[in-house]
Amino acid sequence: MYKYPLPAPSEITSPEAFRQRRALVAALGLGAAGAWPLPASATLRQKLSGVQSTSYGRGETLTSYDDITTYNNFYEFGTGKEDPSQNAGSLRTRPWTLVVDGAVRRPRQIGVEDLLRQYPLQERIYRLRCVEAWSMVIPWVGFPLRQLIDWAQPTGSARFVQFFSQDDPEQMPGLRRHVLDWPYTEGLRLDEARHPLALLAVGLYGEVLPNQDGAPIRLVVPWKYGFKSIKSIVRIRFTETQPVSSWTRANPDEYGFFSNVNPAVDHPRWSQATERRIGAGLFSARRKTLMFNGYGEEVASLYQGMDLKRDF
Ligand code: MTE
């Protein structure tokens, strides 16, 4: 049974990834294929227009763009923290079709560009708390997942939502290693998914989402551990029964369905009582982990009457 990341040392760029990157530079017409001065993501930075600002997270100290885009978990591109920023240039994010199906009245397939035309984009600053006991503060750009759910019109019997990531080994070299049961999949209860805080993100820092952060569209569920925030989503399926996520399948004793941030429930192999803020400096004090990652006022009512130690 696979255990959660015992962080692997990041590997030097494989010859294959290097070739793919050169092909990308050539495709983008960015000059001599031999000269690759920047990480793959840096060449793709593109501003998003018409983003409304909101009060979410105003006043928090943001994690730097550099940290958000070079310290990642995206196992489809390797298990090292720097692997995604080095390898995710091979992911083709346009065109991109999102399938919405299962227990819905209006199953659909929609291109991401059309989605962006359909919903106004907002900026929301959210804390992201990883199960590995580190955290970041990220200015996401996106729209509430709830809007897409209402558009699809779940049937009366739909109770859960399951999400699937892209799983093309040609574009995602990490899929060739069986570190998880691919495709990466996650799930929420329908009422959690319809909570106004749950966001479908398409950007950060006012720009198109870099590949390593889950382009072109990813989930952000700020009161849950980061692994619930699934990246590069290709399918959203409504179900009557509780779906099994990739991490729960890998190790049900360590990764529960809910995975709400909870300082009182330790991971079996480490404490969740405190966390390290990425970018705060080596000597900065660890922070106390907050119940529901500090979003309790908004989300606690979803779990009324539940034993959150049992339903972790
Ligand atoms: N989504 C996919 N498809 N594959 C992954 O490996 N890692 C998860 C989550 N979404 C992951 C994923 C984990 S463990 C975390 S902490 C967050 O993405 C990290 O998001 P970030 O790299 O944008 O900070």
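Which of (1) in contact (Cβ under 8 Å) with a residue 60 or more places away in the chain; (2) out of contact with any Phe, Trp or Tyr (no Cβ under 7 Å at 6 or more places or on another chain); (3) not in a loop (DSSP other than H, G, I, E, B) is the odd one out, the single condition Glu297 does not satisfy?
So the condition that Glu297 fails would be (1).
Need the failing condition index for Gly305 against (1) within 14 Å of the chain's Cα centre (by Cα); (2) more than 30 Å from Arg108 (Cβ to Cβ); (3) of a type outside the set (Val, Ile, Thr), just the number.
(1)
Sort out which residues of region 78-94 are assigned to a helix (DSSP H, G or I) and more than 8 Å from the ligand (Cβ to nearest atom), and write them in order of number.
Asp83, Ser85, Gln86, Asn87, Ala88, Gly89, Ser90
Residue-wise test of (1) among the charged types (D, E, K, R); (2) crowded, with 19+ Cβ neighbours inside 10 Å.
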{"position": "Leu199", "(1), (2)": "no, yes"}
{"position": "Asn211", "(1), (2)": "no, yes"}
{"position": "Gly214", "(1), (2)": "no, yes"}
{"position": "Tyr225", "(1), (2)": "no, yes"}
{"position": "Ile236", "(1), (2)": "no, yes"}
{"position": "Glu240", "(1), (2)": "yes, no"}
{"position": "Ser246", "(1), (2)": "no, yes"}
{"position": "Asn251", "(1), (2)": "no, no"}
{"position": "Ala264", "(1), (2)": "no, no"}
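Checking the conditions here, which among Gln147, Gln162 is within 20 Å of Ala250 (Cβ to Cβ) and polar (S, T, N, Q)?
Values: Gln147 fails: within 20 Å of Ala250 (Cβ to Cβ).
On inspection, the qualifying residue turns out to be Gln162.
Ser49 is checked against (1) in contact (Cβ under 8 Å) with a residue 24 or more places away in the chain; (2) more than 9 Å from the ligand (Cβ to nearest atom) and fails just one. What number does that condition carry?
Here Ser49 meets the rest and fails (1).
Please find, among Gly305, Gly281, the residue that is modelled with pLDDT under 95 and away from the ligand (no atom under 16 Å from the Cβ).
Details: Gly305 fails: modelled with pLDDT under 95.
Only one candidate qualifies: Gly281.
Give region 197-214 a look and list any residue that's more than 10 Å from the ligand (Cβ to nearest atom), over 17 Å from Arg159 (Cα atoms) and either in a helix (DSSP H, G or I) or not β-branched (Val, Ile, Thr) (or both), or say none. Reasoning before the result, please.
Within region 197-214, the subset more than 10 Å from the ligand (Cβ to nearest atom) is 197-200, 202-203, 205-208, 211.
Next, from what is left, pick out any that are over 17 Å from Arg159 (Cα atoms): 197, 199-200, 202-203, 205-208, 211.
Passing the criteria: Leu197, Leu199, Leu200, Gly203, Tyr205, Gly206, Glu207, Asn211.
Does region 68-76 contain at least one residue that is within 16 Å of the ligand (Cβ to nearest atom), in a loop (DSSP other than H, G, I, E, B), within 17 Å of Lys231 (Cβ to Cβ) and in contact with a helix residue (DSSP H, G or I) (Cβ under 6 Å, 6 or more places away or on another chain)?
Within region 68-76, one or more residues are within 16 Å of the ligand (Cβ to nearest atom), in a loop (DSSP other than H, G, I, E, B), within 17 Å of Lys231 (Cβ to Cβ) and in contact with a helix residue (DSSP H, G or I) (Cβ under 6 Å, 6 or more places away or on another chain).
The values are calculated or read from the model by the stated rules, or taken from the named source; none is laboratory data. These numbers come from a predicted model, not from an experiment. Backbone-built Cβ (ideal geometry, glycine too); neighbour counts: all protein chains shown.
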